[in-house]
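Every read-out reported here was derived from the displayed coordinates using simple, explicitly stated rules and does not represent laboratory data. None of the values given here were measured: they were computed from a predicted structure. No Cβ is skipped: glycine too gets one built from the backbone with ideal geometry, and neighbour counts run over all protein chains shown.
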Amino acid sequence: MACKFPVEPLKWVLGEDGKMNVQAFLNNVSFPKNLEELDYYKDEFDVETLQYAEWAEWTTPKWAVPGDIVLFFHAKTAIQQISRLETELKNLKQISTAKRNKLEGALRRARKLYRMYGGKIFAIGKIAEQPFYDAHPFMSEEEEQERNIHFRTNRRIFAKVDEIFLLEKPIDISEFSDFIFVSRQSAITPVVGSDFDRLKKIICAKNEIPDYLKKSRAIPLPLQKINPENWLDVTQEYRRLFALEIQFRRFYVDYFLKVLGQQKTFYAECECYQQGRRTGFADNAIKIGGKWCFVEVKLNGHAEPHLHDQLKKYCHAERVILQKGERTLTQEKVWQNTMLVIDTEDFYIYSVSSDQLTLLESLDKIKTESNIKALQKRILPLLN
C-alpha cells in the first residue's frame, strides 16, 4: 500500500538579506546504453526534452526540497556510448530497414546534441514540489527487485522541476572541474557552499539567468555549531538541508527524542522478532506511556517506496533486543499496534491495524522543547 502522506507545499528558507538558502546539484543527463534503450528514446532524448519543456518530472535526490536548484549536465562520456551504438547498429543483421533508418537518424541527432552540450551544463531548473517515489502499482517489493525494469525507472525518485531555463552559452566542465568533481557513480553531484557561489558566478558571467538563481545561495550546514542548548534554533533554518539520514538523526532526531521520551535514555537499531524470526531493526525506541515505542527516521517519507511494509515488520514484535547483551524486552513491554515516524518535514503516528500513517505535527511548528512536550501529551492517548 502506498504511503498516505498529506502533501503540502514547502517553503524556501529566506535569509535576512532576502536571498533564498537552497541546495543545488548537478543532474548528469546520460545517454542510452544499448540499442533497446536507444529505440525507446529515438523520438526524443532527455536533452531534447529539456530544450523545449517549461517543466518536467525528473530524477532527483530524495533530500531535495522545493526551491532547490537543478543544474542539468550532459554527460561527457555520452560520446563513447554514441560511437559504440553506431558500431553495434552497423553490425546488426536482423533488423528491418525502416527501424535501422530511424535509429541511425536518432544517433545523428545525438551527435549534434553532443557537439552543442556534451560535457557542459546546458540548462537550469528549480524543484517545484516535494520528491516522490514512482512506484509500480500492484507489484510487491520482491517483484520489483526481480523484474527487469526499463533502465529509465531504475532511479525512481522524481520531482517536478519547473522554470527550466536553457543557457545561451553552456558551461564546459573544464571551467569548474578544479573545484567540483562530477560523480561517475551517480546521476547526482551535490554543489554546496562556496562551490555553488563560484559556479553561479561563472554561469552569470556568460548568461542571462532567471531570478530564482540570482536570488539563491547554497550555504553549508553549521554542524559543528549544533549543541544541546541551540539545536532547535539552528536546525529550524537548516533542517531541510540534511543530505544524509545519519546527519538528520545525529543533529536533530537524537535531541528531539531525548525530550519526547519520558526518560532521556533511548535506544538505536533495535532488533525486532516476530514468531521467532528477526524481522528487522527499528531505528529507535523511546519510553513513552509506560512502554517502549519504536521511531522510524527518514529524510523524506514521500520518497520511501515500501514504508508501510517496513513499519509492519516492527509492530507486534514478540521480542526486542534494545541493546545486544544488555537489554531484551518481552511483548508486553512494547507498544504493539502503533509506532512513530519522523522525517525532515513532519512527525507521524502509524497504526498497523488500520495501516494508516497520520500526520501529528509539522516540524516547522516545533520551535521550543515545550512544543515537543505538548506533542508527547497528544501521542499518549493514541498509543492504545
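Computing FRET efficiency as 1/(1 + (r/R0)^6) for ARG115 and LYS287, where r is the C-beta to C-beta distance and R0 is 45 Å, gives about 0.10. Report the percentage of all Cα-Cα pairs in region 294-384 whose separation exceeds 24 Å, rounded to a whole percent. Of all Cα-Cα distances in region 294-384, 26 percent exceed 24 Å. Think of the chain as a dipole: +1 on every Lys or Arg Cβ, -1 on every Asp or Glu Cβ, centred on the Cα centre; then among PHE179, TRP292, TYR52, PHE179 lies furthest on the positive end. Straightening the chain between ARG108 and GLN51 buys 18.8 nm, computed as 0.36 nm per residue apart minus the Cα-Cα spacing. Available extension along the chain between LYS365 and GLU318 is 13.4 nm, counting 0.36 nm per residue and deducting the alpha carbon span.
How large is the Kirkwood hydrodynamic radius of region 225-382, counting all unique pairs of alpha carbons, in Å? One over the average 1/r among Cα pairs gives 15.9 Å for region 225-382.
Considering only alpha-carbon pairs that sit under 8 angstrom and 6 or more positions apart, the relative contact order computed for region 225-382 is 20 percent.
Considering region 13-218 at the alpha-carbon level, its Rg and Dmax are found to be 18.4, 65 Å. Full extension of the segment from ARG277 to ARG100, taken as 0.36 nm per residue of separation minus the current Cα-Cα distance, would add 58.2 nm. Of the residues ARG327, ARG319, ARG111, the one that moves most in a GNM of the chain with alpha-carbon contacts below 10 Å is ARG327.
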